[in-house]
Every structure is written in structure tokens, then in C-alpha cells.
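The values are calculated or read from the model by the stated rules, or taken from the named source; none is laboratory data. Source: prediction; values computed, not measured. Virtual Cβ from ideal backbone geometry, glycine too; neighbours counted across all protein chains shown.
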Amino acid sequence: MILSCQNIKKAFLEEVVLSHVSFHIEDHEKAAIVGINGAGKTTLLRIIMGELAADEGQVILAKGKTVGYLAQNAGLSGDNSIYDELLSVKYELISLEQKIRTTEHAMKGATDSELEILMKQYTDDTHAFERNGGYLYRSELIGVLKGLGFPEEDFDKKISTLSGGQKTRVALGKLLLSSPDLIILDEPTNHLDMNSISWLETYLKNYKGAVLIVSHDRYFLDRLAEKIIEIDQTAATVFSGNYTDYAVKKEQLRIARMNAYLNQQREIKHQEAVIEKLRSFNREKSIKRAESREKMLNKIEVLDKPTEAKADMSLTLSPRIVSGNDVLAVTGLSKSFGNHHLFSDISFELKRGEHVAIIGDNGTGKTTILKILNNLIDADGGTCKLGTNVEIGYYDQEHQVLHPENTLFEEISNAYPDMTNTEIRNVLAAFLFTGDDVFKRISEISGGEKGRISLAKLMLSNANLLILDEPTNHLDITSKEILEDALNRYTGTVLYVSHDRYFINRTAERILELTAEGLKSFGGDYDYYLEKKFQITPQEIKVTANSATETESKVDWKSQKEEQAKQRKKENDLKKCEQRIEKLEMEKAELEEKLYDPAIASNSAELNSISTQIGEINEELEKAYEEWEKLAE
């Protein structure tokens, strides 16, 4: 075991963020932490790294082990080039290499006695140099830089001239080259394109040490993670397997908890009904039993109803006007910025109802195509023709039509006055705005939050062609799933740019890959695209497995029918017993009424007969009460 977190608790003022969080990471294990935005994932990483003190609990790192940590926005500064910044990680090897060269130089003019000492020193140093990858570190460095998306012409760029995302990639490269025993990464894929993410997956999967990641990239987690640590409502639950395994088990657990809650609620209602019925029998024994049952009922630890994250956060998208079958025709499109050529002779068509994703490396011009389609920039050549009755709804991080003075709630309600307060809150919650957040002004929120509110407005519009640029940026996993479900139900046409492969897999039925050579179309989702592009053979589904499933289903169906038949018989027997009790109680009441009849009161023989009948009825009632209690169970 390399890392152990034991009963970690953290609160900010009165808000508890983490409570009794426990898990461990084994040597060489690849694990991921997931949870909604604000769940406390980054807080937990900062506690592990000692940047933040826990209120309770402890973090234990195995003795002699090293840890490397990459925060979401790793800041680098200075005038080093990108290459030299990464090379600084290997300063010990560089120093050793210089020492070897110095020894080689000294050996040329050394005496025999000096040479023997120098030879031993030289041998020891060269073995250490080789053992620590000294002959490979420069090629390893270049491999990491290229893997993270830096072409060779960028190697000499100074750190001070880089964007925030580029600096984070350089920091990630430094961390990988330092080879700690445990790598901890917070959202490492945020500033990477698809090829770089794929390279990082492979690198980390083959990494000799342990890896702990916080990420919303579900495809990345599927490829890499062997263990998922979920932070939900301040607590941690550990699931073995990758993200898909976790999602299946999580749903099974949610169903099991919901079933346990519903079963307990049914049992509580049943016991309350039994108690009420026993009291209605109005006999000492039944009343005592009712009181006993009531005491037992009061001791039950009532289960809370499990929360359902997406229960009230669904979006339904319906175009107001149906477009023609031919939605968009792009012919011979080309674009350059000065000497920088993006693409030429790009052609494609969209038909009504198609959901199409554009993918490609950073800088190939994907966003530029979307901007040309929305008349934000002009093409150098080619045409874009919209079909009949096509109404575009466009979303990107820069082009946001928002009113700074409005609150988030007002921004939606003003645009869609027919929506109820509850509907508006549900839409805002789907895009991570809850509680008092909805009363923040547009001018007060961050760029990412503006992107989310813009996306919320677009999802409610009457557009029948949605054009989206990176729609899942700044969304957590739950919100991504809500958006995916909404797009899958959407009857209009969708064209989007995304690097979120899981999102593409769930929502795209065709992929357009943009490269320096042009645009190529692949029918199907992202996995199908990989299969066709790289000739990856999908795993065959065995017929025997299907047959086994079918047989299992038949057995389950038969058992279910038998159980239902037994339950119906019990319910019928209980109903008959209640009817018998009611009949006997009426007979008893009629006989007791006769005892007060003056004509009978003076007739001892008649009184004895009635008393005998009442006694017999009491015996039958006693048996009936006992039988009812058994059946009621």
C-alpha cells in the first residue's frame, strides 16, 4: 500500500465537505475520484498533499515513497524554453553525465595509480547513469512533449509566452518525467486534444507507479481506472473496476437502496394497519399485542429516501418548426489566416434529424467551420447553404448573448415567460445552478458559468439545427448525462465539435474527422470510428452468453409468477378471515343485545342458551384473531 486516507473530515465554517472519508491506494494501482462539482474532490487532493489540513483523520504515505501532484491550473513562470523546462527535471542525470565527461577528460593525462581510481569512478557512474535511463532521457523528453501536443517548432518557446493551458501541459510533462511513486492529477485532460488524451491514457496505463486522478472524462476513466472512489454527500464509496463498471454498480446500489426504502415504507404502513386492526378488536390480548407492535415500530431506524440526482433535472428539446429533409449543404469550403492555412475544399451535408460530431486535432479549424456556418467569419471560398425552414441555435464559449444586469433566474424567465418557477429551477439545476446561485447576476459569474447559462438558454430555444462548440466543457458528469439524454431525445439536427469521447459515443451517429488532408466521414459513434480508422476488431458477443441470459430470464419469470400466485392466495385468505371475524362479531353483538331484552331476562333457560352461544362465538373469534395475526404477517 502506498497511500491510506483514514476518516478524513473537513468543513468550511458550518458546511461539511468531507466526512469520514477512507480509502487506500496500492502500489502500481490506477484509481480515480469522481463526484459532482463541489463534492470536495480537489479539497481531498489538497489534504492528501498537505496543502490543506483535515479537521479529523489522517493521511499516511508509505515510507520512502515520492508523490507528484498536478493541480487544475498549474502555474509556471520564467524565461526557460519549453524544452529546457522539462530538461530541468533531469538535472541529476545531467550532472552525472557532466561528471562522466570530466572523468573521461581526466583519464587522458592520469598516472597509473590515478587511472585506477578514475576507472572505478567512471565504471560506477556509467552504471548509475545507465540504470537511471541516462541514455534515453532526451528521447523520453521529446516523446513526452510530442505526446502532449507540442510540435518540435514549439520546443524553443519561452514559458512566459505560453497560455494557461500550455503551461499546464508543460507542468504535466515535468511531472511525468520526474517519475514519482504516486502521480496525483486533477483534471489532466482539460487542456489536451484527443490524440494527447489517448497518448496520456497509454502512458499512465503502462506507468510503473501508482496513479490517482480526478476527472470528468468518462472515456479516459474507462481506459485507465481500476478503482473508482466516489465522493457523494460528503462520504466516500469505493467501487472496483473502471467508470462503466462503477456506473452499473452505482445504479444497482441505488436500486437496492430504493427497494430497501420502499420495502421498509410498505412494512411500516402494514404494521400501522395491523396495530389499528388489533385495537379495533377491542379485547385485552389484542390491545396488548397492538401496544407491543407499536413499541417495536418506534424502534425501527427509518431509512432516508435515496437521492436521485437526475430525478427532476431532465430537459426536453422540441423544435417549434420542422425543417426540410436537406438541412445544410457545405461545398468547397476553404479558410486561411494570413500564411496559416487551415483547410480547403471541405464539403459535407446534413439531413434532418442527424446528430454529427466534428473531431480533429487542435488548430485544424473545427471551430472555424462552426463560425463560418453562423456568419461570424467569412470563408475564403466555397458555399454554405441552409435548407427550407432551418433555424440555427448556436453555442460557443465566446459568443454569448447574455444580459449582465439579469440574475440567472431572470435570464431564463425573461427569455421563456411561459415556464413555471419549478421548471426554471430544474433547468438551472441541470446546469449546476442550485439554491441561491440562481439569484446571482450574470455580471458576477465566471466565464465557465456564463457558458453553462448560455447552453441552458439554447437548449430551451425553438431552433431545429443546434450547432455546439465543446458543449460539455465546465459540466460535471451528471450534467453531461442530462445533456446527452436531452440531445438523444431531440428530433432536430445537431452538429457539434467535441473532444469528449464518451459524449460523442452516446450522442453521435456520424463523425466528421478534420485533418490537414481534408474532411472524412465515418458512419457510427466514436468506437466505430476507432474501429474503422485503426482496424480495431470489436470483441465478439458469444451466443452462449445470450442463451444463458435467456434461460435465466425464463427461470426468473417462472419464479416471479409462482411468488405472485402465493401472494394472491395469502391476500384472499386474509380477506376471508376478516369477513369471518366481522360476521362473528355481528352475531355476538346481536346475542348480547338479546340479553337486555326484558322478555328474555326472566327466562333462565333462554339466558343459558344465549350465554352458551356467546361463549362458542368467543372461542371461534379467538381462533379467528390468531389466524388473522398469522396471515397479517
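Checking V21 against (1) within 26 Å of S179 (Cα to Cα); (2) outside the structural domain of V214 (by TED's automatic domain parsing); (3) touching a Cys at 6+ places or on another chain (Cβ under 8 Å): exactly one of these is not met. Which one?
Failing condition for V21: (1).
Quick check on segment 142-156: of everything there that is in contact with a Leu (Cβ under 8 Å, 6 or more places away or on another chain) and among the hydrophobic types (A, V, I, L, M, F, W, C), which residue is farthest from N195 (Cα to Cα)?
Filtering first and then ranking leaves F155.
Testing L221 on (1) hydrophobic (A, V, I, L, M, F, W, C); (2) part of a helix (DSSP H, G or I); (3) touching a residue at least 12 places away in the same chain (Cβ under 8 Å); (4) out of contact with any Phe, Trp or Tyr (no Cβ under 9 Å at 6 or more places or on another chain), one condition comes back false. Which one is that?
Against the list (1) hydrophobic (A, V, I, L, M, F, W, C); (2) part of a helix (DSSP H, G or I); (3) touching a residue at least 12 places away in the same chain (Cβ under 8 Å); (4) out of contact with any Phe, Trp or Tyr (no Cβ under 9 Å at 6 or more places or on another chain), L221 comes up short only on (4).
Hey, among E398, E423, which residue is under 30 Å from K146 (Cβ atoms), out of contact with any helix residue (DSSP H, G or I) (no Cβ under 6 Å at 6 or more places or on another chain) and modelled with pLDDT under 90? Quick ask: steps written out before the conclusion?
Details: E423 fails: under 30 Å from K146 (Cβ atoms).
Result of the check over E398, E423: E398.
Can you tell me which residue among L76, L18, L13 is within 15 Å of A236 (Cα to Cα) and either in contact (Cβ under 8 Å) with a residue 12 or more places away in the chain or aliphatic (A, V, I, L, M) (or both)?
L18
Could you please let me know if L172 is out of contact with any helix residue (DSSP H, G or I) (no Cβ under 7 Å at 6 or more places or on another chain), in the same structural domain as S215 (by TED's automatic domain parsing) and closer than 30 Å to I60 by Cα?
Working: out of contact with any helix residue (DSSP H, G or I) (no Cβ under 7 Å at 6 or more places or on another chain): yes; in the same structural domain as S215 (by TED's automatic domain parsing): yes; closer than 30 Å to I60 by Cα: yes.
Yes; evaluated as a whole, the condition is true for this residue.
Results for (1) under 30 Å from Y91 (Cβ atoms); (2) assigned to a helix (DSSP H, G or I); (3) outside the structural domain of A62 (by TED's automatic domain parsing), shown as yes or no for each residue.
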position: P180; (1), (2), (3): yes, no, no
position: L185; (1), (2), (3): yes, no, no
position: W199; (1), (2), (3): yes, yes, no
position: H216; (1), (2), (3): no, no, no
position: I229; (1), (2), (3): no, no, no
position: N259; (1), (2), (3): no, yes, yes
position: I268; (1), (2), (3): no, yes, yes
position: A273; (1), (2), (3): no, yes, yes
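Across segment 471-489, what is the total count of residues that are surrounded by fewer than 18 Cβ atoms within 10 Å (Cβ to Cβ) and of a type in the set (A, V, I, L, M)?
Matching residues across segment 471-489 total 1.
Please determine whether any residue of segment 457-470 is out of contact with any His (no Cβ under 6 Å at 6 or more places or on another chain), crowded, with 21+ Cβ neighbours inside 10 Å, of a type outside the set (D, E, K, R) and in a loop (DSSP other than H, G, I, E, B).
Within segment 457-470, one or more residues are out of contact with any His (no Cβ under 6 Å at 6 or more places or on another chain), crowded, with 21+ Cβ neighbours inside 10 Å, of a type outside the set (D, E, K, R) and in a loop (DSSP other than H, G, I, E, B).
I'm trying to understand the selection: among the residues of segment 574-608, which are of a type outside the set (A, V, I, L, M, F, W, C) and either surrounded by 14 or more Cβ atoms within 10 Å (Cβ to Cβ) or in contact with a His (Cβ under 8 Å, 6 or more places away or on another chain) (or both)?
E578, R580, E585, E587, K588, K594, E606 - these are the residues of segment 574-608 that are of a type outside the set (A, V, I, L, M, F, W, C) and either surrounded by 14 or more Cβ atoms within 10 Å (Cβ to Cβ) or in contact with a His (Cβ under 8 Å, 6 or more places away or on another chain) (or both).
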